[in-house]
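S.K.: Can you keep this structure in mind? I'll have questions shortly.
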Amino acid sequence: MQIDKRIEDKIFEVDGSYRDIYVHDIDIVVWGELLDLIKKTDWQPQLYKDGYQEKINNYSARQIFDEKNDFAFTLTFEFKGIKVYSHFFDENEMELIFRQKRFQL
């Protein structure tokens, strides 16, 4: 079934991408829980450090934030055909970026 146009207008930006999700007032524990969860899934998690793929199991959230001033980290995973990105900009805020033009329910 196609998504109703009214709903589509609320969840998609003009360019067709999903709106980003921001989670405020979190801490390193929440980041760690997210990483631990994703590592256990079949969501094809990947971690990039300055653009080079790293073994995600070699990193904790604490290690990533300890190194983020010297390196740029990006986490990617795919959930039900939707690619999700996060960049570890801030320990107290999580941004999840979704990429896919259209989907069907």
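The values are calculated or read from the model by the stated rules, or taken from the named source; none is laboratory data. Predicted model, so just to flag it, every value in this text is computed and none were measured. Cβ placement follows ideal geometry from the backbone for every residue including glycine, while neighbour counts extend to all protein chains displayed.
S.K.: Of the conditions (1) in a loop (DSSP other than H, G, I, E, B); (2) at pLDDT below 95; (3) loosely packed, with under 15 Cβ neighbours inside 10 Å, ILE3 clears all except one; give me its number.
M.R.: Going through the list (1) in a loop (DSSP other than H, G, I, E, B); (2) at pLDDT below 95; (3) loosely packed, with under 15 Cβ neighbours inside 10 Å, ILE3 breaks only (3).
S.K.: For region 96-105, name all the residues that are farther than 13 Å from THR76 by Cβ and modelled with pLDDT of 85 or more.
M.R.: None; the set is empty.
S.K.: Sticking with this structure for a sec: Scan region 73-85 and give yes if some residue there is over 18 Å from ARG19 (Cα atoms), among the acidic types (Asp, Glu) and out of contact with any Ser or Thr (no Cβ under 9 Å at 6 or more places or on another chain), otherwise no.
M.R.: no
S.K.: Of the residues in region 18-56, how many are in a helix (DSSP H, G or I) and among the β-branched types (Val, Ile, Thr)?
M.R.: Number of matching residues: 5.
S.K.: Can you run down the residue pairs with Cβ atoms below 6 Å, 6 or more apart or on separate chains, where the first is in region 85-105 and within 15 Å of VAL30 (Cα to Cα) and the partner is of a type in the set (D, E, K, R) and modelled with pLDDT under 90?
M.R.: GLU95/ASP20
S.K.: Listed residues ASP66, ASP70; which is part of a helix (DSSP H, G or I) and of a type outside the set (Phe, Trp, Tyr)?
M.R.: Going through ASP66, ASP70 in turn, just one is part of a helix (DSSP H, G or I) and of a type outside the set (Phe, Trp, Tyr): ASP66.
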